Amino acid sequence: MDLKPTSVEFNSGGIDFVQLFPPELSNTLFSYSSDRDLFSCCKCSVSWRNVINNDQQWSKRCLVRGWTTKATLNEAHNWEDLSHMQKTNAVSLRPTPEFTLKQAEGRLYPLCEWALYFRKRLHVLKNWSQGIYTVHKLIVPEAETESLIMNCAACTSQYFVFGTTLGFVFIWNVTGVSKVIQSIEPVTRNLEVEHVYITSNNHLVLLYEKGLVRVFHEVEKASLDTAPPFQIIYQAKVLYNFSDETRKYLQEDELDFYDEITEEGVLFAVNDETILLTAQNCQCFIIWDLECGQNHRVHFLPSSCLVYQVLISNSMCIFSVLQASEDLLLPKKYGIVMFDLREKFHPKMEPVAEVISPKIVDELSDQCTLQRFAFCSQEGVVGAFDMLQKTLLFLRETDLSTDNLATSEDLIFYHESEDRLIIALSWSGETHYRIAAHIGPVKSIRCFGSFMISGGAVRELHIWEKLSGKKLHTVYHQPNHILDLFVSPTRILTVGRDEPPAMIGYL
């Protein structure tokens, strides 16, 4: 039987299957090719390129590489363009990270959105690995520079929020030409902003000293021309000592242990739906609804447990606690207590798990990864816990102080301050590698994709290959002494104490 149709082109006796098969079947066959081979196939013929130039083909490759998730599949390719930063490149001889692509001509279709996104991500990975970047200061209005003493900061893919010691809050839009798009004036004179949080659904929560809480939400984009991006929903004042109204929830025997919340000891945690308030040396905590500020509940820790630190995820709230005793001669005990937030409006929440620690836990990892979290103590303790299985993964003690905890899906990182080393551990507690990181002390560690980023007080930023510990490049001459940093696919934002924030762009 002769299967050769007359409309199919032949080359050296072969059949062009792209013209023979339906596009869906051809795409399935091409999906078995490697990335490099697929790019080569695009150059073979116009018909091959036009079939391969398909959003379904390239979005699946982005999913496999972890560049997007099914939840963000529809909008992931609409990411920020930092090409405006080329004009501010501080080192004129440095190659720019700008992404350029020759336009399609003649019979060639333009690249589909996901193919373009894939090419950009490869381009950015090359820039991260080879140290091709630009440095750009975030501009602050001249009249407000005297108020620029950073106290806290938060960042999303669109907004960067900066709270100061004089009570000002600055909001930058970091997706276009970076500029302050809103300044929130102090509530009263010299009232410090102690914490800022911005949720994934763009609620902005501000905690001022003396217990003032203000909650803002992002207005509709259609009205941005006539209104600031964030408008206040409500504000509330924390009642220290819980006042007589709240104190009625406390039992008599529970009032014997540090029942007072002091202005210096307030602890605050926020997720997309919930605000949690407690304080150091307090035995209870308050939870209320972020959206409306109502439905608050007072819950208690197990008997004799006092709060030291708190971490909140979308499903759990985790407390570092110390166990006090009425007998002052007995040694204090330390540990971690976990509650399930799905029971937050239940009349009485019960702990779902507890961990005993030989030292007080100073840090809880702020990146709960795959239902696991890590913790460390400045007195030399590092550990990890599996929240799903409710089991302790490991607990190890060292002779050196540990701080700057960071986690990824693969590894746990922390800093040994005396030796100025960054230690990478597996989630089972095995040492993966140790690296001498900085001349001065390390102030912040972050993980992103296949990279680990560390910032120090000597104006240097180091980018490492996460799994091997190989240094890829160093960003020298930072405009600020780095106290904190935030990472996204195309940029790093660094924050200092009294200098403007800076953006390092890789696209």
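The values are calculated or read from the model by the stated rules, or taken from the named source; none is laboratory data. Since the model is a prediction, treat every value here as computed from it, not as a measurement. For neighbour counting, all protein chains shown are included, and Cβ atoms are generated from backbone atoms with ideal geometry for every residue, glycine included.
Restricting to the stretch 15-30, name every residue that is hydroxyl-bearing (Ser, Thr, Tyr) and more than 38 Å from the chain's Cα centre (by Cα).
Residue satisfying the conditions is 26 alone.
Taking the criterion of being surrounded by fewer than 19 Cβ atoms within 10 Å (Cβ to Cβ) and among the small types (Gly, Ala, Ser), the residues of the stretch 412-438 that qualify are 417, 426, 428, 429, 436. Checking residue 474 against (1) in a loop (DSSP other than H, G, I, E, B); (2) surrounded by fewer than 16 Cβ atoms within 10 Å (Cβ to Cβ), which single condition isn't satisfied? Failed condition: (1). For the stretch 163-198, give me each residue that is more than 23 Å from residue 276 (Cβ to Cβ) and part of a strand (DSSP E or B). Those that are more than 23 Å from residue 276 (Cβ to Cβ) and part of a strand (DSSP E or B): 164, 170, 171, 172, 173, 179, 180, 181, 182, 183.
Residues in the stretch 394-411 that are in contact with a Lys or Arg (Cβ under 9 Å, 6 or more places away or on another chain) and crowded, with 17+ Cβ neighbours inside 10 Å: 404, 406, 407, 408, 411.
Picking from residues in the stretch 322-341 that are more than 16 Å from residue 300 (Cβ to Cβ) and either loosely packed, with under 11 Cβ neighbours inside 10 Å or touching a Lys or Arg at 6+ places or on another chain (Cβ under 8 Å) (or both), the one that is modelled with the highest pLDDT is 334. Looking only at residues in the stretch 31-72 that are of a type in the set (Gly, Ala, Ser) and in a helix (DSSP H, G or I), the one that is nearest to the chain's Cα centre (by Cα) is 71.
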